[in-house]
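Let me begin by presenting the structure, written as structure tokens, before commenting on it.
Here, each number is a calculation from the coordinates, and none is a lab measurement. Treat the numbers as computed from the prediction; the structure is a model and nothing was measured. Cβ placement follows ideal geometry from the backbone for every residue including glycine, while neighbour counts extend to all protein chains displayed.
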Amino acid sequence: MEPNLFATAILAAGKGTRLKSKRAKVLHSIAGKPLLQHVLDAVLQVTRPDQVFVVVGHQAEEVERAVAATGVHFVAQTQQLGTGHAVQCLREFVRGATDLLVLSGDVPLIRPETIERLRAFHQAQQAAMTILTARPENPFGYGRILRASPTSPEVAAIVEQKALAADQQHIGEINSGIYVFRVNTLYRYIDSLQANNAHGEYYLTDMAAILRAADERVVALETTDATEVLGANTIAEMMELDAALRMQTARRLMAQGVTIQRPETCVIDADVTVGPDTILEPFVQLLGNTCVGEDCHIRSYSVIQNSTVGNKVLVRNSCILDDATVGDGASIGPFAHLRPASEIGAGAHIGNFVETKKARLGIGSKANHLTYLGDVEIGSGCNIGAGVITCNYDGVHKHPTQIGDRVFVGSNATLVAPVSLADDSYVAAASCITEPVPAGALALGRARQTVKPGWVKQRRAAQQKKKSS
Ligand code: UD1
Ligand code: CA
């Protein structure tokens, strides 16, 4: 092992009783990502995945599956006997490391810079235990820090909320649940932990007093920003963190030249990117790994998820984009629904009440009103009239429709797939198309119109006669 090797542990085995949820706490999402993923994302910016150990217990399989792609190790804590016990479970796995960074899976806003600062402080202080602390507006519920003296970095003990004596209630410095330990010292003393407390658990926090009693150095480093160590124990707390994180994302985007009107009403996930001079109106949602380009205008109530939007795109009100790609200069909506694998070409138009799915629309093509386009490839310069439907489903299988360049499909045409319309062809309005249409041809597939002159007059006369008889 390398000298000064830091191993990292993330405690994620707890149930999260206070959430009153069927799902493990660390799998609850804020800003579009599970709590545990937020912690891992921060950790993996400063550590290699093979040095990271996630302690799992409650719903271990689901938790492992959720973050397996990161390549970290998992350590089982089959019985959740407390945070101290979780660290006891790590003993064999972190033996080779000199120091152990411990984080909580439910403290998701921690920044990589702060982790670095904590590790550096721990080393400079040559401490056995270094605690990251903060002074949030409301310290209630957190373990409190008893400093050895008001001015020294040394800590005498951590006292949990329920164990606070009357004269300790006022202490505003809290334990973040994030620590660095010197590995050999930690495990020399960890078996002194006792579960004689309100929850009958082995508290990791008791290590502060234990190490100090053994004349080991225990110190605290206070964060400059208390928000980043706020914990998420209830749904309400989670939604506060969610709002804080989304506001952070909105601020980052605004600093990059994005206009976000009424940012507090917008829901923007942490990994979303938006180019400068794009305007987001109130109540826009940008979710997942959505990328929006420059000079776009996204109007109110549109929800864009896992989609790529080019530059100079207009998304009018109340559109839903899901796994879709939109080219430069296109315009979408209002009330359009782009479902997965929709690829809207540059300068194309998708208008009101148009639904697309697995549909490719070429450069400058238009489908402006009331249309369903599914399993279809459409070339460039096409016009798809109002009410056109690709009939892609025969009740068992999906079938494709091929449309060439510069094709004109009249209103209310039904295209029964599999079918193709070659370049420069025309389809008459209200046609039902079941056969291929060759290039440059006009296809008509509808009942011929019959006109009966004077029919209304005759009918009225007949009705009149019936009444008077
Ligand atoms: C803990 C600290 C408290 C601190 C707070 C910061 C203890 C005893 N208290 O309290 O001082 O202010 O965090 O947020 O540590 N876990 C396990 N195995 C277990 C129990 C818990 O892996 O047996 C995990 C949980 O999944 C969670 C983390 O450890 O991710 C913290 O546990 P939690 O019960 O939330 O501790 P708090 O009561 O918040
Ligand atoms: Ca907690």
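Quick rundown of the values:
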| item | result |
| --- | --- |
| Over region 6-229, relative contact order from alpha-carbon pairs under 8 Å, at least 6 apart, % | 24 percent |
| Inter-site label distance for residue 273 and residue 111 at 7 Å from Cα along Cβ, in nm | 2.1 nm |
| Mean Cα-pair separation over length for the chain, i.e. relative contact order, pairs under 8 Å, 6 or more apart, % | 8 percent |
| Neighbour net charge for residue 339 - beta-carbon separation under 9 angstrom, K R +1, D E -1 | -1 |
| Percent of Cα-Cα distances greater than 30 Å, calculated over region 237-443 | 27 percent |
| Ranked by how many other beta carbons lie within 10 Å on average, peptides 445-451, 91-97 from highest | 91-97, 445-451 |
| Cβ-based net charge around residue 317, under 10 Å, with every Lys or Arg adding one and every Asp or Glu removing one | +1 |
| Beta bridges by DSSP in the chain, antiparallel share as percent, to the nearest 5 | 20 percent |
| Shape metrics for region 6-229, restricted to C-alpha atoms - Rg then Dmax, Å | 16.2, 48 |
| Dipole magnitude of region 104-164, debye to nearest 20 (Cβ charges: Lys/Arg +1, Asp/Glu -1, about Cα centre) | 100 debye |
| In Hz, Karplus ³J(HN,Hα) per residue of region 383-400 (6.51, -1.76, 1.60; θ = phi - 60°; x = Gly, Pro) | 10, 9, x, 4, x, 6, 10, 8, 8, 8, 10, 9, x, 10, 10, 9, 10, x |
| For region 1-61: relative contact order, % (alpha-carbon pairs under 8 angstrom, 6 or more apart) | 52 percent |
| Two-decimal Rg to Rh for the chain - Kirkwood Rh, Cα set | 1.20 |
| Only Lys, Arg (+1) and Asp, Glu (-1) charged, at Cβ; region 237-443 dipole about Cα centre in debye | 300 debye |
| Segment residue 251-residue 463, extension gain: residue separation times 0.36 nm, minus the distance between their alpha carbons | 69.0 nm |
| Packing-based order for 428-438, 53-63, 165-175, using average beta carbon neighbours within 10 Å, highest first | 53-63, 428-438, 165-175 |
| Segment residue 164-residue 449, extension gain: residue separation times 0.36 nm, minus the distance between their alpha carbons | 93.8 nm |
| Cα-derived Rg to Rh of region 184-262, Kirkwood definition | 1.21 |
| Highest average packing first - 196-203, 334-341, 223-230, Cβ atoms within 10 Å | 334-341, 223-230, 196-203 |
